Amino acid sequence: MEEHINKETAKELSEEQLVDDAFQHLLDSYRTSRHRKKVDIITKAFNFARQAHKGVRRLSGEPYIMHPIAVAQIACSEIGLGSTSICSALLHDVVEDTDYTVEDIENIFGKKIAQIVDGLTKISGGIFGEQASAQAENFKKLLLTMSDDIRVILIKICDRLHNMRTLESQPANKQYKIAGETLYIYAPLANRLGLNKVKTELENLSFKFEHPEEYNAITQKLTRTQESRDELFEKFTEPIRHALDEMGVKYEIKARVKSPYSIWNKMQNKHITFDEIYDILAVRIIFTPNKREEEINECFNIYVAISKIYKSHPDRLRDWLSHPKANGYQALHVTLMSKQGSWIEVQIRSDRMNEIAEQGFAAHWKYKDGVEEEITEDEGELNDWLRTIKEILDDPQPDAMDFLDAIKLNLFASEIFVFTPKGEIKTMPAGCTALDFAFQIHTFLGSHCIGAKVNHKLVPLSHKLQSGDQVEILTSNSQHVQPSWVNFVSTAKAKGKIQAILRRDNREVQKKGEQILEEFLKRHDMEVTTSILDKLCEFHDIRKPENLLMAIGKKNIILSDKDIDELHGKKNANEGKGWRRYIPFIGKDKAKAAAELIKSQDYFIVPKDFNRKKPVYITENNITQFVFPTCCHPIPGDDALGFIDGKNRIEIHKRNCPVANKLKSSYGNRILDVKWDMHKQLYFTATVQMRGIDRIGLLNEVTQIISRQLNVNIHKITISCEDDIFEGEIELRVHDRDDVKVIIDELKSVNGLQEIQQII
């Protein structure tokens, strides 16, 4: 017994030491920063949090206080925040997880720290709750709080980064939910705030947990090719170093290797292999200018010097010096042809620009006398972004996912610069249209826009703007907002305003429909009731009463005696009903059989006590019990996940399916881990896409390999040929992902086939 007590005591003492060491490391990091030294208040916050979380452990088994210390360490070392933020990070879970209130924090640590902790508490537990409406509300809270004090979102990003670094201890379904949410919300937010290093790590960690095999394959390839990259880097930079030494520049040259997530993303989007990605290596020249005001000129001087050594690519010069990106990023990017015959991107930036590139807006504060407590919200570009978000929030959308998509449009956007007729510069997201620009200036201008003049040429509303365009908006008082506009605008502000105006117009049409229906029923001595509306909806095959009233208001439905017969229960002999009315080519017997088939779908219904942490195994015997939506066609061997839908059935999606991405970030508690347990008995459809140089006998060779050599059944084939370029798609019957891999590997041996890949 005594030995057991001694072991426990020893364990507690070693844990105490672990906590003390972690906090000491935090203090040491803080002391070496440029901030005013407020060690006392940080120590006070640590002791308070340690006491509040006493006895609580994380899933990994370590004391809970290690998490707030780690978050504070990230805030201090990796984002460069000061004492207010470090204290807030140490205290960020106290209000949510213990009996202390925000008022207690304010009494002990002051108003500013309490305000930040309050903001963090409001948006805790992941951004999303159980219901879609709650998600949008939480997201609004996050963004509104962020606009009060940007440090709230910065600490939340630190919190998420530490959770991602320790995600190993979570069950698989939780991993997919948290990783999906990170990719959908946090990585873009980090990017928008210029936290490049953090964004890259969040993306890589999400990728690692969602697609472990692909992540490992890419990291192994990066390790294998490391030596040749190092050699290329040394040979390429040697003459550059010589030139910079002669100029007397104080500099360092670093190799930047593309992250596994970026490589995988490029492979997916461009349908290329690892070996076909040319920009895995980039070179960074970071210099210290003699005078701060001369740094832009020095960037160009370095560019001139290195373009004398190597030939530069004329279309790949990116000048982010004169017009920094909206997240504050400044640099000069130039792509040079190395002596080894490959293009290499060189990024030229000063030490200040480099710090802003790594730490984003947090780094701006360092260059304002290094006093974090004196932060003022005068970061112009960021404020513009926050204003856009506030405008969307002022006019809330009924659908949470629409709201998230609108925000996501703004988060992911890279910027272009557009000029007004008077020559003022406006920053707009890439891919925006003339109509987006009109709404950006003023809602009235957007809602009455009939066209635009871009560089003095007349263009339609849907014309996509390019950087440097000068845009004049043309309006007419008789113009009204059209529903089709939503399909081509790309900014959240324009989408939000158009939908708000359309909703207002729809309410008027609906009212008109209600009046028409009331008058029609009055003539037949009837009144509008819920049951009458339901019967009419069923008769006209419309799901919602609002849609029925809209259709009546728009005159798409003209009420007649048939409606009255339906309401009185009289049937028209020739009138079909429901879905059968819309399938006239199905005879009576076939229609009956189809209806029986729909009824007989015996799906597995998730019970209340279902263990969501355990993986769901798909076998030959139970595969028909799951729903396979048409968005991504998963087949055995694909990285897959399950989603419990509104009817408690389990949908199966690929983990990288766009629909699944939304589900992970919005309904994380309904995500399940899915594993395949199939034995090559059933067949699935997979489509292989090919592209190459056409020649006689090419198609014959392809079909011979698939049908005879591999004995695979070709279900459908489409081929087109233009200017000697051959393109084709072959739909095959396969057992699993391995079959597809074998087919693609075999087809690579066909002379003339350049690109072969599987498509969704």
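The values are calculated or read from the model by the stated rules, or taken from the named source; none is laboratory data. Keep in mind that this is a model prediction, so the values were computed, not measured. Neighbour counts run over all protein chains shown; Cβ positions are idealised from the backbone, glycine included. For the accessible areas, the whole protein counts, side chains as well, though only heavy atoms, and no ligand, DNA or RNA atoms are used. Shrake-Rupley method; radii C 1.70, N 1.55, O 1.52, S 1.80 Å.
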Share of the stretch 198-294's accessible area from carbon and sulfur, percent, 1.4 Å?
45
Using a 1.4 angstrom probe with every protein chain in place, what is the largest-first accessible-area order of D104, D436, D745?
D745, D104, D436
Starting from the amide H of T475, placed 1.01 Å from N in the peptide plane, find each other amide H under 5 Å away whose residue is 5 or more places distant or on another chain.
I450
Distances over 15 Å make up what percent of all Cα-Cα pairs in the stretch 237-278?
56
Report, largest value first, the span of the C-alpha coordinates of the stretch 165-321 along each principal axis, in whole Å.
57, 35, 29
Accessible solvent surface per residue of the stretch 513-571, calculated while the other protein chains remain in place, 1.4 angstrom probe, Å²
67
For the residue pair K54 and F444, what label-to-label distance in nm results when each label sits 7 Å from Cα along the Cα-to-beta-carbon direction?
6.5
Can you list, bin by bin at 5 Å, the percent of alpha carbon pairs in the stretch 267-319, starting at 0?
4, 13, 18, 20, 15, 12, 9, 6, 4, 0
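Hey, can you rank 58-69, 285-296 by average C-beta count inside 10 Å, highest first?
58-69, 285-296
Roll a 1.4 Å probe over the protein chains and send me the accessible area per residue for the stretch 607-653 in Å².
Details: 2410 Å² over 47 residues.
Each residue of the stretch 607-653 exposes 51 Å² on average to a 1.4 Å probe.
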Whole-angstrom gap from the stretch 212-234 to the stretch 238-299, using each part's C-alpha centre:
17
Please give the length that would be gained between Y603 and R695 if that part of the chain were fully extended, namely 0.36 nm times their separation in residues minus their C-alpha to C-alpha distance (nm, one decimal).
28.2 nm
Heavy atoms only, probe 1.4 angstrom, no DNA, RNA or ligands counted: give me S467, S85 ranked by accessible area, highest first.
S467, S85
Once amide H atoms are placed 1.01 Å from N in the peptide plane, what residues at a sequence separation of 5 or more from S350, or on another chain, have their amide H within under 5 Å of its amide H?
F287
Highest-first arrangement of 93-102, 557-566, where packing means the average Cβ count within 10 Å
93-102, 557-566
Simple label model, 7 Å out from Cα along Cβ direction - E246 to S707, nm:
6.6
Order of 486-493, 680-687 by packing, highest average Cβ count within 10 Å first?
486-493, 680-687
Whole-percent carbon and sulfur contribution to the accessible surface of the stretch 670-760 (1.4 Å, no ligands, DNA or RNA) stands at 45
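What does the accessible area per residue of the stretch 674-732 come to in Å², with a 1.4 Å probe and no ligands, DNA or RNA counted?
63
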Of K662/K741; K208/K613; K464/K495; K156/K254, pairs whose Cα-Cα distance is over 22 Å
K662/K741; K156/K254
Contour minus Cα-Cα span, K339 to E729, at 0.36 nm per residue, comes to 136.5 nm
Over the Cα atoms, compute the radius of gyration (one decimal) and Dmax (the largest Cα-Cα distance, rounded to a whole number) for the stretch 618-666, in Å.
10.5, 31
Please report the spacing between the Cα centers of the stretch 183-199 and the stretch 703-760 in Å, no decimals.
39
So what J values fall out for the stretch 106-117 if you push phi through Karplus, 6.51 cos²θ - 1.76 cosθ + 1.60 with θ = phi - 60°, rounded to Hz, Gly and Pro as x?
5, 5, 8, 10, x, 5, 5, 5, 4, 5, 5, 4
Once each part is reduced to its C-alpha centroid, what is the distance from the stretch 504-574 to the stretch 16-58 in angstrom?
67
Tabulate in residue order the Karplus-calculated ³J(HN,Hα) for the stretch 269-282, using 6.51 cos²θ - 1.76 cosθ + 1.60 with θ = phi - 60°, rounded to whole Hz; enter x for Gly and Pro.
6, 9, 6, 10, 8, 4, 5, 8, 8, 8, 9, 5, 9, 10
Percent accessible area from carbon and sulfur atoms, the stretch 16-101, protein chains only, probe 1.4 Å:
50
Once phi for every residue in the stretch 744-752 is put through the Karplus expression 6.51 cos²θ - 1.76 cosθ + 1.60 (θ = phi - 60°), the whole-Hz ³J(HN,Hα) values, with Gly and Pro written as x, are 4, 4, 5, 5, 5, 7, 6, 5, x
Residues with amide H under 5 Å of D469's amide H, sequence separation 5 or more or different chain, H placed in the peptide plane at 1.01 Å from N; which?
F419
For K112, what accessible surface area do you get with a 1.4 Å probe? Give it in Å², rounded to 10.
80
